[in-house]
Amino acid sequence: MEQSGLGQRPLRPPQLSRPSRSARPVRRGPSGRAQPVAYLYLLPAFSFFAVFAVAPLVHAFKLSFYEWNGITDQVWVGLDNYVTVFTDPKVRAALWNSVILIIFYAVLPICVALAIVGLMARVRIRGRTAFRAVLFVPTILPLTVVAVAWRWVYAPDGPLNFGLDLIGLDFVSRAWLGDFTFALPSLGMVGTWVTFGLVFVLFAAGVQKIPSERYESARIDGANMVREFFAVTLPALRGEITVALILTVTAALRNFDLVFVMTRGGPGTNTEVPSMFIYRSVFQIRSIGLGAAIGVILMLELLAVNLAVLWYRRRGDLSA
Amino acid sequence: MRILSHSRTLGILGVILAFMLVSAACSGDSGDDDAMAGPVVLDVLAEAGDEATLELATAQFTEMYPHVSFNITLRAFDDYMQIAPGILSSDDPPDIAHGNQGYTIDGLLVQGGLILPLDDYAAQYGWVEAFGDGTLDQYRFTEDGTDFGNGILWGINGVAEFVGVYYNKEKLAALGGLPSTFEEFDALLAAAKAAGEVPIQLGNAEGWPALHVYGMVEAAYRPAAEIRDWVFGEPGATVVTDTERQAAAKFEEWRDNGYFPEGVNGIAYDDSVANFIAGEGVFMIAGNWNTATLDEGMGANAGYFAMPVGPSGIVGGTAALALPWHITTSAEDPDLAAEFINLLVSEEFADELASVGRVAARSSDTEIEGLLAEVTAGAAAVIADEGVTLYADWATPTMFDTLTSKTQELLGGQIDGEQFLSDVQADWDAANG
């Protein structure tokens, strides 16, 4: 990041500065080491985590090596389930769809929110709190409710087509969720609508924490709006962007509710996502091992993406 | 597959009936044949569409056997199919439960040894004679639960869930009379299109509704027995034949001629029914469980006929009996459970199914009227002509997914009829090869 023109290196935003060692209120034993009894305090939370998160995970991992219909005996099949997953072109298409959904769930809302937040630094908006509250509403709505509402919006005789017809764009209107070209983007836009509020509120809160002197000095140095955004706003929001990325990318990859209610993976297999395959494998085909294998792969994919985001963030911190 | 959109109507009906029956039961005197027997509770786990049927049947049964009471648990279709195998294999299974034809539910229950064979009861109560031998094959599995359509009888239901042709009487009258052959039906579609109407109302957002339409075309080109054989995976059977190709080509022709509504893959099934009621569409090829909804919405303007599938006027098509009733292996009194199931499938009860909006598969001479009478007559005609072709998605565990996505691709113009058939054949071969 080029900052020499500002004459002052921007301070690290408060939420990113690490508390000094001496301020950390850790009780230490005479030897300077944490007392073993301290671990006891972790026990309740850890046992909860172990029972409800670790145990099912281990169980699912184990099941992914078996063929099992849920009733009769489990049969060890080694890596067969994984081979099935990776050789099934439909599963690969579903994994690819989930990557495309990341654009709609994560990239698009973050870009739009950043642009608006950048504007807000310059322009005073009346009733900002009210706007923020309204924009946050989609985030707190149950996704099934959102899906039912949007299915209606996209319906052939729904409000979207009605509006398009009204302004003379009747050649654009179509059965959006049944269209082989537009079903996935239509679904994705709902994801954008849902995650945008959360992302925007995160960024808006982050911007408020930036000391106004920084903007003043940037302006004194003659920075225009674009320059100011890249030099002051964006670096200060790195922490928020990381959080937003982790939340939205996770939502994109494990997307189930919207697809299940709106398209069930259709038309054809155009909006298939990995979690739909887990549902089908377990509840329709009753191949629980196969469902577990897809689940394990999806979990690893999520883990990899989130680690990549964190790694990128850490690298950015060090170079800043 | 069988999704009842009018469950609310049924629910209200059920409540009214329950009230009537409770008041009737209170005033009536109870038989005392079994007064010596201790109280018995029959646990029933059922799909929610049968709520009203069960209320009617249980009230009659407790009148006959006052010491018996019922504990009924209901779940909506999707939910039911997810949880039923788990509940049946749990420590506390019910005495009587619904299954579902095909490998993924019934096959599983047989494999797990969770349900009892019913052959002895079938002989005792004369079920096979009453329904016809072939009709009950859909409830048969070999003892190991791997060969569908053969072997032991594991379940039964007396309700017909048949696909047929609903039509708008005013609109059809303007085009011609009722078709008595498939060619005549095809000609009416062309006439409807020429008149600016939507020939066939259809909403295929779910993927399976188009399957019911395709099943009719298939039945018009192929003998019903041949179609049943490939669904059951009989030796020597196969999906793709020359006649099957002709059917796929005809379906493709209907698509290309614009016989279905625009954006058909984006219209939900329930919405298509609403569109038909609102006057969009001359015909709607759909399951007979829509009867109450259409009767309510269209009144005397709604008609129904069984699809004439051959030049000879024989009727047939996608059809089956409803979800099987099973007796679980842990049922405390299997004989009593069988007695109750026999009431559900009995000829006397068949006459009362109309009062809960259900179509009886057993010939019934009850004085029903209106649309339901046409629907009941249609089912009887299909059974008489041995035209039942079952539901194609039973063929393999993955067939439902294959068919739902492939019908959408076929209707959306992504694939042609040939590709559709080879994809279906590939799924079938993987399971039957």
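The values are calculated or read from the model by the stated rules, or taken from the named source; none is laboratory data. All values derive from a computational prediction rather than experimental measurement. As a convention, Cβ positions derive from the backbone with ideal geometry for all residues, glycine included, and neighbour counts pool all protein chains shown. Just so you know, the surface numbers come from the protein's heavy atoms only, side chains and all, with ligands and any DNA or RNA stripped out. Shrake-Rupley method; radii C 1.70, N 1.55, O 1.52, S 1.80 Å.
So here's what we get for this one:
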{"read-out": "Selection status of A:Thr144, surrounded by fewer than 14 Cβ atoms within 10 Å (Cβ to Cβ), among the polar types (S, T, N, Q) and under 25 Å from A:Ala252 (Cα atoms)", "value": "yes"}
{"read-out": "Region A:81-101, subset in contact (Cβ under 8 Å) with a residue 40 or more places away in the chain, more than 14 Å from chain B (Cβ to nearest Cβ) and of a type outside the set (A, V, I, L, M), residue surrounded by the fewest Cβ atoms within 10 Å (Cβ to Cβ)", "value": "A:Tyr82"}
{"read-out": "Total residues in region B:318-336, condition assigned to a loop (DSSP other than H, G, I, E, B) and either surrounded by fewer than 19 Cβ atoms within 10 Å (Cβ to Cβ) or in contact with a helix residue (DSSP H, G or I) (Cβ under 7 Å, 6 or more places away or on another chain) (or both)", "value": "7"}
{"read-out": "Filter result (free of Cβ contacts under 8 Å to residues at least 12 places away in the same chain, more than 14 Å from A:Gly266 (Cα to Cα) and not in a helix (DSSP H, G or I)) within region A:149-189", "value": "A:Asp157, A:Gly158, A:Ile167, A:Gly168, A:Leu169, A:Asp170, A:Phe171, A:Val172"}
{"read-out": "In region B:70-94, the residues that are in contact with an Asp or Glu (Cβ under 7 Å, 6 or more places away or on another chain), surrounded by fewer than 21 Cβ atoms within 10 Å (Cβ to Cβ) and within 14 Å of chain A (Cβ to nearest Cβ)", "value": "B:Arg75, B:Phe77"}
{"read-out": "Residues located in region B:193-218, provided they are in contact with a Ser or Thr (Cβ under 8 Å, 6 or more places away or on another chain) and within 14 Å of chain A (Cβ to nearest Cβ)", "value": "B:Gln201, B:Leu202, B:Gly203, B:Asn204, B:Ala205, B:Glu206, B:Gly207, B:Trp208, B:Pro209, B:Ala210, B:Leu211"}
{"read-out": "The lone exception for B:Phe400 - which of (1) away from every other protein chain (no Cβ under 11 Å); (2) assigned to a helix (DSSP H, G or I); (3) buried (at least 20 other Cβ atoms within 10 Å of the Cβ); (4) within 21 Å of the chain's Cα centre (by Cα) it fails", "value": "(1)"}
{"read-out": "Selection status of A:Gly127, within 24 Å of the chain's Cα centre (by Cα) and either more than 25 Å from A:Val99 (Cα to Cα) or open to solvent by 70 Å² or more (accessible area, probe 1.4 Å) (or both)", "value": "no"}
{"read-out": "Members of region B:104-129 found to be in contact with a strand residue (DSSP E or B) (Cβ under 9 Å, 6 or more places away or on another chain), within 9 Å of chain A (Cβ to nearest Cβ) and not in a helix (DSSP H, G or I), listed by number", "value": "B:Leu114"}
{"read-out": "In region B:290-302, the residues that are open to solvent by less than 10 Å² (accessible area, probe 1.4 Å) and part of a helix (DSSP H, G or I)", "value": "B:Asn290, B:Thr291, B:Leu294"}
{"read-out": "Subset of region B:303-317 (residues that are farther than 16 Å from B:Ala187 by Cα and open to solvent by less than 10 Å² (accessible area, probe 1.4 Å))", "value": "B:Gly303, B:Gly316, B:Gly317"}
{"read-out": "Some residue of region B:96-112 being among the polar types (S, T, N, Q), modelled with pLDDT under 95 and assigned by TED's automatic domain parsing to the domain that holds B:Ala237", "value": "no"}
{"read-out": "Breaking point among (1) at the interface with chain A (Cβ under 10 Å from one of its Cβ atoms); (2) touching a residue at least 24 places away in the same chain (Cβ under 8 Å); (3) surrounded by 20 or more Cβ atoms within 10 Å (Cβ to Cβ), for B:Leu421", "value": "(1)"}
{"read-out": "Helices (runs of 4 or more DSSP H) (entirely within region B:219-277) containing at least 2 residues that are open to solvent by less than 50 Å² (accessible area, probe 1.4 Å), on the phi < 0 side of the Ramachandran plot and within 14 Å of another protein chain (Cβ to nearest Cβ)", "value": "B:269-277"}
{"read-out": "Matching option when the condition is open to solvent by 60 Å² or more (accessible area, probe 1.4 Å) and assigned to a helix (DSSP H, G or I), among A:Phe49, A:Phe104", "value": "A:Phe49"}
{"read-out": "Residue selected from region B:278-289 under the condition at pLDDT 95 or above and among the hydrophobic types (A, V, I, L, M, F, W, C), by the criterion surrounded by the fewest Cβ atoms within 10 Å (Cβ to Cβ)", "value": "B:Ala278"}
{"read-out": "Evaluation of B:Glu347 against (1) in the same structural domain as B:Ala52 (by TED's automatic domain parsing); (2) buried (at least 22 other Cβ atoms within 10 Å of the Cβ); (3) within 19 Å of the chain's Cα centre (by Cα) (one fails), failing number", "value": "(2)"}
{"read-out": "Residues that are under 18 Å from A:Glu301 (Cα atoms) and basic (Lys, Arg), drawn from region A:233-268", "value": "A:Arg254"}
{"read-out": "Options B:Ala122, B:Ala160, B:Ala97; residue that is open to solvent by less than 10 Å² (accessible area, probe 1.4 Å), more than 21 Å from A:Ile71 (Cβ to Cβ) and in contact (Cβ under 8 Å) with a residue 40 or more places away in the chain", "value": "B:Ala160"}
{"read-out": "Those residues of region B:152-162 which are at pLDDT below 95 and part of a loop (DSSP other than H, G, I, E, B), in sequence order", "value": "B:Gly158"}
{"read-out": "When residues of region B:163-184 are limited to those that are part of a helix (DSSP H, G or I) and out of contact with any Leu (no Cβ under 9 Å at 6 or more places or on another chain), the one surrounded by the most Cβ atoms within 10 Å (Cβ to Cβ)", "value": "B:Phe182"}
